[in-house]
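Engineer: Questions regarding the structure given below will be posed in turn.
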Amino acid sequence: MNQKKGKLFVFSAPSGSGKTTIVRKILEIFPELIFSISATTRKNRDHEINGTDYFFISEEEFLEKIDNDEFIEWEKFYDYYYGTLKSFVNSKLDEGLSLVFEVDVKGALSIKKSYPESVLIFIVPPSMEELRARLIKRNTETSEDLKKRIERAELELSYKNKFDYLVVNKDLDQALNEVNRIIKLEINEVMKNGNSSY
Ligand code: 5GP
């Protein structure tokens, strides 16, 4: 068994909950945490960098990786595939590093199945109305996509009780403080026990 055990912090939330902002800030606050770079078949958005935000690969490559059992978990949304790579995660854990994941709810539960010591954190929007308003304000989606994202948000919210921690993102600073506290607590547990859940 690996003695230098890192921790796995898995974040999920419906789109529009502020999850990406929270994850980015957490990575700045804890430079020792490594972002788990997923593979995806969707095209990169303007600001996204291959090998930093995602590994952007073709559908053919993705399907080959599924056949070769290279994923801890994978899902398909909005016509694109997304998956967590075994090689990436295991090499970091072997180095004793802790990881941050940003995946959908099903992905989070699959990661917990493979790595029971994972800490699952669900970022909750204050209400469905607020979420709808944020998605409309963000204005990055067509109305058809917006409808799909709202339906998906309702589905994702129904999984929230399966998570270890729920953090309501009403106020970003407050939500960040809460996540900060959880991570410190969990990292201290690892140092005390080598491997522990809360
Ligand atoms: P986006 O296209 O907005 O970057 O991501 C769409 C959804 O895919 C988000 O909920 C994101 O968290 C999720 N996602 C990103 N990478 C993975 C992954 O490796 N596995 C799973 N299951 N979901 C992922």
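Engineer: Taking Arg42, is it within 17 Å of the chain's Cα centre (by Cα), near the ligand (Cβ under 9 Å from one of its atoms) and not small (Gly, Ala, Ser)?
Structural biologist: So Arg42 fits the description; yes.
Engineer: Please enumerate the residues belonging to the range 61-86 that are at pLDDT 95 or above and not in a strand (DSSP E or B).
Structural biologist: Glu61, Phe62, Leu63, Glu64, Lys65, Ile66, Asp67, Asn68, Asp69, Glu70, Lys86, listed by residue number.
Engineer: Please work out if Glu48 is within 9 Å of the ligand (Cβ to nearest atom) and part of a loop (DSSP other than H, G, I, E, B).
Structural biologist: Considered against the rule, which asks whether it is within 9 Å of the ligand (Cβ to nearest atom) and part of a loop (DSSP other than H, G, I, E, B), Glu48 comes out as yes.
Engineer: Continuing with the same structure: Taking the condition of being surrounded by 13 or more Cβ atoms within 10 Å (Cβ to Cβ) and either more than 23 Å from Phe101 (Cβ to Cβ) or among the charged types (D, E, K, R) (or both), how many residues in the range 146-169 meet it?
Structural biologist: 9
Engineer: For the list (1) within 12 Å of the ligand (Cβ to nearest atom); (2) open to solvent by less than 50 Å² (accessible area, probe 1.4 Å); (3) more than 21 Å from Leu166 (Cα to Cα), I need the number of the one condition that Val23 fails.
Structural biologist: The single condition Val23 does not satisfy is (3).
Engineer: Okay, next question. Name the residue, out of Glu95, Glu73, that is in contact (Cβ under 8 Å) with a residue 40 or more places away in the chain and within 8 Å of the ligand (Cβ to nearest atom).
Structural biologist: On the way: Glu95 fails: within 8 Å of the ligand (Cβ to nearest atom).
One residue alone meets the criteria, Glu73.
Engineer: Which pairs do you get when a residue that is on the phi < 0 side of the Ramachandran plot, found in the range 106-117, comes within reach of a residue that is open to solvent by 50 Å² or more (accessible area, probe 1.4 Å) and outside any helix (DSSP H, G or I), reach meaning Cβ atoms under 9 angstrom, with the pair 6+ apart or on two chains?
Structural biologist: Close Cβ pairs satisfying both conditions: Gly107/Trp74; Ser110/Trp74; Pro116/Ser197; Glu117/Asn195; Glu117/Ser197.
Engineer: Right, next: Would you be able to say whether some residue in the range 110-118 is in contact with a Phe, Trp or Tyr (Cβ under 7 Å, 6 or more places away or on another chain), of a type outside the set (Val, Ile, Thr) and buried (at least 16 other Cβ atoms within 10 Å of the Cβ)?
Structural biologist: no
Engineer: Something else about it: Within the range 53-60, does at least one residue satisfy the condition of being within 13 Å of the ligand (Cβ to nearest atom), open to solvent by 50 Å² or more (accessible area, probe 1.4 Å) and either modelled with pLDDT of 95 or more or in a strand (DSSP E or B) (or both)?
Structural biologist: Checked against the condition, which is being within 13 Å of the ligand (Cβ to nearest atom), open to solvent by 50 Å² or more (accessible area, probe 1.4 Å) and either modelled with pLDDT of 95 or more or in a strand (DSSP E or B) (or both), the range 53-60 yields at least one hit.
Engineer: When the range 26-52 is examined, which residues are found to be free of Cβ contacts under 8 Å to residues at least 12 places away in the same chain and open to solvent by 80 Å² or more (accessible area, probe 1.4 Å)?
Structural biologist: Residues satisfying the conditions are Glu28, Pro31, Arg45, Asp46, His47, Ile49, Asn50.
The values are calculated or read from the model by the stated rules, or taken from the named source; none is laboratory data. Owing to the predicted nature of the structure, the values given are computational and were not obtained by experimental measurement. Reconstructed Cβ throughout: ideal geometry from the backbone, glycine too, with neighbour counts over all protein chains shown. Accessible surface areas use protein heavy atoms only, side chains included; no ligands, DNA or RNA. Shrake-Rupley method; radii C 1.70, N 1.55, O 1.52, S 1.80 Å.
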